[in-house]
Amino acid sequence: IPLFPISISNEQQLNRFQDDTFKNGDALLLLPGYYLEEISPRLAEIALKKGLPLFGLYENDVRNGFLLSYGISYYDQGYQCARMASQLLHGQDPSTLPVETPETVKLLVNPETEQALHLIFSPAGEAFVERIRMDREKGGE
């Protein structure tokens, strides 16, 4: 699968992205960044108008209109970090702490965006997705 990075770190680049054309089968993966997280509802709106699936990392991405996210929640990140910090505060040598992977990773789907894009997950895909309840209040976890 060819990858084409698109840099969006200011309003001018966002406008250029809005004017870009995409092919059928293209999709967007948003990597974390303060500006992108701030404008994620606008990105979701643009992607939906272009018929592009937009993927993120956090639940609030899905709540802001992205098709799906795959990652660990802020709560779970904090819990895991606090446990590791506790080990250090209780005298464990930092060099003995193993590198950890996330304990819980979720594949969340926005059912409204899924329907708007006319997507149907395969039976195998259905086994992994969790559709989140979309309340009218958007954002935050």
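Every number in this text was worked out from the coordinates using simple rules, so none of it is lab data. Only a predicted model underlies this, so the values are computations on that prediction, with no experimental measurement involved. For neighbour counting, all protein chains shown are included, and Cβ atoms are generated from backbone atoms with ideal geometry for every residue, glycine included.
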Among the aspartates and glutamates, which fall within straight-line cross-link reach of residue 106, defined as a Cα-Cα distance under 20 Å, with same-chain neighbours fewer than 8 residues apart omitted?
37, 59, 61, 76, 114, 126, 130, 135, 141
A correct fewest-to-most ranking of 1, 120, 39 by other Cβ atoms within 10 Å would be 1, 120, 39
Share of Cα-Cα pairs in region 61-141 beyond 22 Å, whole percent, is 43
Read-out Rg and Dmax of the Cα atoms in Å, derived from the coordinates shown; its label in [x] 16.3, 47; [y] 17.8, 56; [z] 14.6, 55
[y]
Using 0.36 nm times the number of residues separating residue 15 and residue 50, minus their current alpha carbon distance, what extension gain do you get?
11.2 nm
Which order results if 55, 121, 128, 4 are arranged by neighbouring Cβ count within 10 Å, fewest first?
4, 128, 121, 55
Determine the dipole magnitude for the chain: charges of +1 sit on the beta-carbon of Lys and Arg, -1 on that of Asp and Glu, nothing else is charged, the reference point is the Cα centre, and the result goes in debye to the nearest 20.
280
Pull up all non-local amide H partners of residue 107: gap of 5 or more, or a different chain, and H-to-H distance under 5 Å with H placed in the peptide plane.
130
Under 16 Å from a point 7 Å along the Cα-to-Cβ line of residue 119: which residues of region 56-72 have their amide N that close?
56-71
